[in-house]
Amino acid sequence: MRYSKMFIPTMKEDPKEAEILSHRLMLRAGFIRKLASGVYTWLPLGLKSLKKVENIIRQEMNRKGAQEIIMPFVQPKELWEESGRWEKYGKELLRIRDRNDRELCLGPTHEEVVTDLVRREVKSYRELPLILYQIQTKFRDEIRPRFGVMRSREFSMKDAYSFDIDEAGAEKSYMDMYDAYMRIFERCGFNFKAVEADTGQIGGSFSHEFMVLADTGEDTIISCGGCGYAANLERAEVGFVDREVPHTKGQLKDVETPGQRTVEEVSEFLGVKPDKLVKTIIYNTDRGTMGVLVKGDREVNEVKLRNMLNLDVIELADEETIEKTTGGPLGFSGPIGLSIPLYADRDVLFMEDFVVGGNVRDVHTVNVNNEDFKVKGYYDLKVAEPGDFCARCGGTYSSTRGIEVGHIFKLGLKYSKAMNCTFLDKGGKEIHAVMGCYGIGVGRTVAAAIEQGHDENGMIMPFGIAPFEICVLPVNSSHAESMELAEAVYKELLYKGMDVIIDDRSERPGVKFKDCDLIGIPIRVTIGERNLKDHMVEIKLRKEKDSQKVRKEEVIERVLNYANEFKRR
Ligand SMILES: [Zn+2]
């Protein structure tokens, strides 16, 4: 490709609309342009990267026997009513009406459509297992679309769905997809981690998120250096060390704490550390009002609570409920004398002489111990933090930031039951298919690559998904000998099957170098008048500071060597 012929509208200044680095660089390098809130056009350079990611995905999915289809973007309401999600999905589901007043939606995901397809077409266990996938546009009407294609409303996604005859088959499909994802993100050139994610009511280790590690990531990953356990914050289990609680107990008593509601206020007022307080958080759930006790300096993990008690609805109680169940206002709740069910985080079991709310306005109770109140039990109910004990090996957790680019999930019978997707087993009995679903945000993957690889001059794209692998850059386009060699090198590299661009513009050298760096092309071949006098040209890798001179006869071989090295990685 010739730079002069290509549509690459780069920007010198930082665009105002961009909030994060990848968004800024994708606008500046002419990868994308915004049409409306959360809706983007992919320009030629960005689309080249996007297509490379798609091709890697396609190859690895096919390798595992998954088969590509394309399902409709527009989906009928009736299917979503069958799964129960027409009501449940909320406002992210963009609902529309056609000219006959039929209700439809723009597909945010395709469980309903694929389940409908398979229940119509698959009749016998002989036709399973089946994994179908598509790479297609999705629409989710986010409240606050932001960060460019990282959190847009319209986006490209690879979604796959597996159908199996039994649990064992479903687990095999799950592991196949896990392996495929590992290969996909390795080939994309990422430093990434597969982390355990919440499985909701399915249980087990059958949900993984694939996180690209980047300081700017939105998600927190908890991991253990000891055993390699890694999980997202919602999921991360916290271990504990059993220990004796000393028996030198103080005198239980109420103290005045006028207007002191928060942990910070109370601990400062009483002159004790926050970890000497126990918070009593009151929740309204579909199984009634309940309380959770957690150490003052920690937070309740509501996902753990939900899973433990199999709750559908869980929300913080309103002030009225708090007054009614505890007798005191918000900020003064404590466990003593409460009649609602109480669940305590395990930390509380090892605490003594702590401070709790007095269930009366402006009163807290001090020197409280576990025998002073009654709980249903002590469980792992807090949000994990770095420094906590690993639940698997007792090691110590650390945390890193990540960007979720893929998610695999065992669905079990959720959709096949709701939508009656059955087939006949060996004995002729009608049974439900066991399902799994597997997503990759394709546009997001391009953005994540930029969040992970960049410097002050622009993107440092991984070789496998950079818009071009090589840029041939003649410094002075009016110097005939430079141009002649540049053309020869360009054509030879094309002939060798490389994805190469020649910057044949009559721009100043500074502009050319800047653009090449901004776009993040991994290998640059610079052909300049001065070096040519010594029969030399310059090769520079985008990720390295220094360039090197090579004899012009050797340039093709050297470039191909680098390319092979990149590909092997
Ligand atoms: Zn561990």
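Here are the numbers for the structure shown:
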{"read-out": "Cut-off 14 Å between beta-carbons: net charge of the residues surrounding Asn457, Lys and Arg +1, Asp and Glu -1", "value": "+4"}
{"read-out": "Normalised contact order of the range 253-379, rounded percent, pairs of Cα under 8 Å and 6 or more residues apart", "value": "29"}
{"read-out": "Neighbourhood charge, 11 Å Cβ-Cβ cut-off, centred on Thr400 and excluding it, Lys, Arg +1 and Asp, Glu -1", "value": "0"}
{"read-out": "Under-5 Å amide H pairs with His454, H placed in peptide plane, nonlocal only", "value": "Ile460"}
{"read-out": "Over the range 26-171: Kirkwood hydrodynamic radius from C-alpha pairwise inverse distances, Å", "value": "17.2"}
{"read-out": "Relative contact order of the chain, defined on C-alpha pairs under 8 angstrom at six or more residues apart (%)", "value": "16"}
{"read-out": "Over the range 253-379: Rg over Rh, Cα atoms, Kirkwood Rh", "value": "0.94"}
{"read-out": "Pairwise label distance in nanometres, Lys567 with Arg146, each label 7 Å out on the Cα-Cβ vector", "value": "4.2"}
{"read-out": "Given charges at Cβ of Lys, Arg, Asp, Glu: the chain dipole, positive-most of Val537, Tyr378, Met175", "value": "Val537"}
{"read-out": "Alpha-carbon Debye profile of the chain, log10 I(q)/I(0) at 0.06 Å⁻¹", "value": "-0.43"}
{"read-out": "Debye intensity ratio I(q)/I(0), log10, the range 468-568, q values 0.14, 0.22 Å⁻¹ (C-alpha model)", "value": "-0.45, -1.21"}
{"read-out": "Computed E for Lys12/Arg530 - FRET, C-beta separation, R0 22 angstrom, nearest 0.05", "value": "0.20"}
{"read-out": "Ranked order, Phe423, Phe566, Phe7, Phe513 - accessible area, probe 1.4 Å, largest first", "value": "Phe7, Phe513, Phe566, Phe423"}
{"read-out": "Estimated [θ] at 222 nm from DSSP helical runs (n ≥ 4, -39500 (n - 2.57)) normalised by residues in the chain, nearest 500", "value": "-8500 deg cm²/dmol"}
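The values are calculated or read from the model by the stated rules, or taken from the named source; none is laboratory data. Bear in mind that the values here come from a model prediction, so they are computed numbers and not experimental data. Positions of Cβ are backbone-derived with ideal geometry, glycine not excepted, and every protein chain shown enters the neighbour counts. Just the protein is used for accessible areas: all its heavy atoms, side chains included, with ligands, DNA and RNA removed. Shrake-Rupley method; radii C 1.70, N 1.55, O 1.52, S 1.80 Å.
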